[in-house]
1. What order do you get for 182, 149 when you list them from fewest to most C-beta neighbours inside 10 Å?
2. On full extension of the chain, what length is gained from residue 204 through residue 326, given 0.36 nm per residue of separation minus the C-alpha to C-alpha distance?
3. With label points built 7 Å along Cα→Cβ from the Cα atoms of residue 29 and residue 233, find their separation and express it in nm.
4. Starting with the fewest neighbours, write out 10, 208 ranked by other beta-carbon atoms found within 10 Å of each beta-carbon.
5. How far, in nm, would the chain grow between residue 373 and residue 358 when pulled straight, counting 0.36 nm per residue and subtracting the alpha carbon separation?
6. Once the Cβ-Cβ distance between residue 53 and residue 299 is put in as r, and R0 is 35 Å, what FRET efficiency do you end up with, to the nearest 0.05?
7. Under Stokes-Einstein, with the Kirkwood radius over Cα pairs standing in for Rh, what whole-number D in µm²/s applies to region 182-273 at 25 °C and 0.890 mPa s?
8. Work out, in µm²/s and without decimals, the Stokes-Einstein translational diffusion coefficient of region 277-367 at 10 °C, 1.306 mPa s, Rh from Kirkwood over C-alpha pairs.
């Protein structure tokens, strides 16, 4: 047993690895919250249901083909996951979706099509947020699209943190493969990462005002020009695309409002007390779920990060995983993460917009991938995947 407390051991390990200061402080804060037993639960008594929201089909449209505001937009795809639940040990985005074309092919072609037909050589700007697991393979693959590299770098690296012992919270040691002692921080770390890398300041200096973020495995989440126009004109700091919940969505998180301040809040399954599970799964009451397609005003994000010292104290998600995710015989460890959508509660001027289910076609299982590969889905002219009706 070490004479040092877990936080001291964690700090020493992270400093030895050269982890950036705000990443260190943010992770130690998460550890303190987890160790204290502080629950991130949101009870039914604390919230009210969201019953009405604006809908995409009702927002003001702009003429087809308009390039308005694309030169003020940066698009980010979250690409940190290995897809271990699908039996993978590399980036999920390298999987073929249609023929030999991978998620990366579709994403690259979507951006290049948008630039060629609506924006310009660099409009919109585009980046992947990679993890240390996915970066090399992703960038190597993207060399086949030299036009994408005209802007310079096409990615930035999300943070990483040590996996922890489930009882002591000390950094877990795995001499057989020390690389497995680390995990990518959750996608909620995107805000801190953008601040620490200086990208927010760089983009603002280049006249970029808005950011659209979505998951790399959701090929339906492309830049919708009327939606961009709506967000830019709305004055909102943060806009979450949500969709109507169905019976297949009862286990996923939902949108609500806190009674105390009327702010929108995202309640995930792990944040729901056991006694409230029935209400949590009531899709007639809690009607909307987060698609993880987010629109953010960069100047407001910068101000919010400055207020909180360069990172956002988002709710902590404690994940129990095997030290080697591909080997269930290896020990269980803790991974402390956060969710990007939880930031909706931090912005003073945040809202949500109901979008068609056609903007949400994620791939989390092999069955969902097989569906995309089948004749049930077609490739559109702008390289989206859409139901073949």
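1. On the way: 182 22, 149 12.
Exposure proxy ranking, most exposed first: 149, 182.
2. Values: separation 122, 0.36 × 122 = 43.92 nm, distance 4.13 nm.
That works out to 39.8 nm of additional length.
3. 3.7
4. 208, 10
5. Extending this stretch completely gives an extra 3.8 nm.
6. The value I calculate is 0.90.
7. 150
8. D, rounded to a whole number, is 95 µm²/s.
Values quoted throughout were computed directly from the atomic coordinates according to the rules given, and no laboratory measurement underlies them. The model shown is predicted, which means the values in this text are computed figures rather than measured ones. As a convention, Cβ positions derive from the backbone with ideal geometry for all residues, glycine included, and neighbour counts pool all protein chains shown.
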